[in-house]
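Q: The structure follows.
No value in this document is a laboratory result; all are computed from the given coordinates. Here the structure is a predicted model, which is why all the values come from computation and not from measurement. Please note: Cβ atoms are built from the backbone with ideal geometry, for glycine as well, and neighbour counts cover all protein chains shown.
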Amino acid sequence: MLFEHASFEPAGTPLLGSAQTAPNLHFKLESTNPTGSYKDRFVAAQLKHLAAQGYRTCVATSSGNTGSSLAAYCARLGMGCIIAVNADAPAGKLLQMQAHGATVIRIPNFVTSPEITRDVFEQLQSFSAQGRAALVVSAFHYCPTGMRAVGKIAAEILAALPGTDHIFVPVGGGGLYVAIAEECLALGVRTKVHAVQPEGCPTLLRPFRSGSDIVEPVEADTRISGLSVPFDIDAGRALALVRRTGARVFGVTDSEVYAAQHALFRREGIYAEPAGAAALAGYRQAVLQGIVREDQVSVCVVTGHGFKDPASAQLLAEETEVFQTAAPGLTALLTELAG
């Protein structure tokens with residue numbers, strides 16, 4: 001049982017001005033939430049709702065961050081936690097889930113094949129309908145109570161920067177985009193909320209480009225963990241918001257995302273996982289295309305911390321040489337390195 005004095009919902013996250021990228025660019029560091037991603041906002045609100053209904057066990061799908069967060073908050077509430085993940089979920093996210101005591105089930109081709117992904121969702125829904133466990137999916141389609149809490153991201157940005165012109169949001173299933181865009185509409189601001197999605201999973205990108213209103217299933221081949229959702233969950237709702245507000249959907253290659261991650265590491269001192277750097281990749285495109293000016297106030301949402309995906313950070317770390325010297329040679333080496 002949660003003690004009365006224990007806080008449960010995460011507090012606000014920092015809004016950090018860019019140091020070297022653009023003078024009016026800011027980063028909303030959702031990576032500073034307790035488990036390292038914005039999913040804490042969703043999970044805290046959803047579990048509070050489910051606990052009040054008497055649920056003692058949760059079952060969930062996750063490519064990593066929802067599972068990490070759910071495992072932690074279930075531990076705080078003393079609830080059981082079962083998580084179905086894709087077979088190649090990043091090691092850092094799996095480690096978090098297991099460390100908090102969650103039961104993890106790895107499923108080949110989940111989140112890459114639309115058929116297998118849909119089948120997994122249907123089985124989990126059927127299991128949950130038996131009343132044995134609450135299904136937790138970070139999407140308005142499944143858990144609107146939790147997802148509405150995510151809209152606080154927009155409220156915090158606009159309270160700190162009332163004149164914000166553009167917000168860039170990474171898109172997987174589309175729920176984060178919907179939460180932020182709908183909150184901006186509710187607040188009556190003219191801020192454009194742009195979606196950024198990998199070219200390798202274009203559920204939202206493809207209909208935006210073609211002018212269609214139909215979100216079709218896709219075969220996903222992006223390597224960006226967390227942004228691979230091969231069929232419509234909240235993407236249709238996100239597409240309608242993009243069209244209603246005159247915003248854009250920017251398609252980014254995996255290479256562009258990794259380059260943005262590199263820029264965050266080396267130019268901004270921000271340790272982000274690849275999905276957390278996707279918004280910056282979209283911002284860069286928008287500037288190159290003349291859609292956004294560098295003198296406009298823009299915010300990139302950094303959704304997850306770098307420790308979530310240690311393999312991607314390792315590749316960047318290997319670019320930096322490590323030197324070795326015996327103690328007597330230290331001053332000479334320092335002199336050489338300092339130039």
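Q: Give the dimensionless ratio obtained when the Cα radius of gyration of segment 39-143 is divided by 2.2 N^0.38 Å. Display every interim value, and only then the final one.
A: Numbers: Rg = 12.6 Å, N = 105, 2.2 N^0.38 = 12.9 Å.
Segment 39-143 yields a ratio of 0.98.
Q: Also: Taking a quarter of the surface of the Cα convex hull of the chain, what do you get in nm²? Don't jump to the answer; show the numbers that get you there.
A: Values: hull surface 79.1 nm².
For the chain, the mean projected area of the Cα convex hull comes to 19.8 nm².
Q: Need one number: nm distance between label points at L15 and A311, each 7 Å from Cα along Cα→Cβ, rounded to one decimal.
A: Here the answer is 3.6 nm between the modelled labels.
Q: With an 8 Å cut-off on Cα pairs and a minimum separation of 6 or more residues, tell me the relative contact order of the chain in percent.
A: Values: 671 pairs, mean separation 66.6, N = 339.
It comes to 20 percent, rounded to a whole number.
Q: Another question, if that's okay. For the peptides 10-23, 43-56, what is the packing order when you average, over each peptide's residues, the other Cβ atoms within 10 Å and list the highest mean first? Numbers along the way, then the final one.
A: Details: 10-23: 15.4, 43-56: 18.7.
Sorting 10-23, 43-56 by mean packing, highest first, produces 43-56, 10-23.
Q: Report, by chain and number, residues whose modeled amide H sits under 5 Å from the one on V136, excluding near sequence neighbours (fewer than 5 apart, same chain).
A: Correct list: V59, A60, T61.
Q: Consider all pairwise Cα distances in segment 91-214 and report the whole-number % of them above 20 Å.
A: Working: 4548 of 7626 pairs.
So the pairs more than 20 Å apart make up 60 percent of the total in segment 91-214.
Q: Now for a separate question. Amide H to amide H under 5 Å from V292: which residues, 5+ apart in sequence or cross-chain, H placed 1.01 Å off N in plane?
A: HN-HN under 5 Å from V292: V287.
Q: With springs only between Cα atoms under 10 Å apart, run a GNM on the chain and tell me which of T32, T203, T245 wobbles the most.
A: T245
Q: Distance in nm between label sites at F127 and E319, each 7 Å beyond Cα in the beta-carbon direction?
A: Result: 4.1 nm between the two label points.
Q: While we're on this one: Normalised by the residues of segment 1-144, what does the relative contact order come to in percent, with Cα pairs under 8 Å and at least six apart?
A: On the way: 209 pairs, mean separation 29.9, N = 144.
Computed value for segment 1-144: 21 percent relative contact order.
Q: Another question, if that's okay. Just to be sure I understand: of the beta bridges DSSP finds with both ends in the chain, what percent are antiparallel, rounded to 5?
A: Numbers: 5 of 36 bridges.
Percent antiparallel among DSSP bridges in the chain is about 15.
Q: For the chain, modelled as a GNM with alpha-carbon contacts under 10 angstrom, which of T145, T191, T103 fluctuates the most?
A: Its mean-square fluctuation being the largest, the pick is T103.
Q: Do any cysteines in the chain lack another Cys Cβ under 4.7 Å, and if so which?
A: C58, C143, C184, C201, C300
Q: So how much slack lies between L333 and R293, counting 0.36 nm per residue of separation and subtracting their Cα-Cα distance, in nm? Spell out each step's value before the answer.
A: Numbers: separation 40, 0.36 × 40 = 14.40 nm, distance 4.41 nm.
Stretched fully, the L333-R293 segment lengthens by 10.0 nm.
Q: Between E115 and A240, what length comes free when the chain is fully extended (0.36 nm per residue of separation minus the Cα-Cα distance, one decimal in nm)? It would help to have the intermediate numbers written out before the result.
A: Values: separation 125, 0.36 × 125 = 45.00 nm, distance 2.46 nm.
Answer, rounded to one decimal: 42.5 nm.
Q: Considering all alpha-carbon pairs of segment 157-246, what whole percent are spaced by more than 21 angstrom? Spell out each step's value before the answer.
A: Values: 1155 of 4005 pairs.
The answer is 29 percent, as a whole percent.
Q: Whole-Hz Karplus ³J(HN,Hα) for segment 223-239, in order, using 6.51 cos²θ - 1.76 cosθ + 1.60 and θ = phi - 60°, x for Gly and Pro?
A: 9, 7, 4, x, 10, 10, 10, x, 8, 6, 10, 10, 5, x, 5, 5, 4
Q: Next question, about the same structure. Out of V297, V242, V189, any idea which swings most in a Gaussian network model of the chain, alpha carbons joined below 10 Å?
A: Of the options given, V189 has the highest mean-square fluctuation.
Q: Report the net charge of residues surrounding Y73, where surrounding means a beta-carbon distance below 13 angstrom and charges are Lys +1, Arg +1, Asp -1, Glu -1. Walk me through the intermediate numbers first.
A: Values: positive: K39, R41, K48, R76; negative: E9, D40.
Result for the neighbourhood of Y73: +2.
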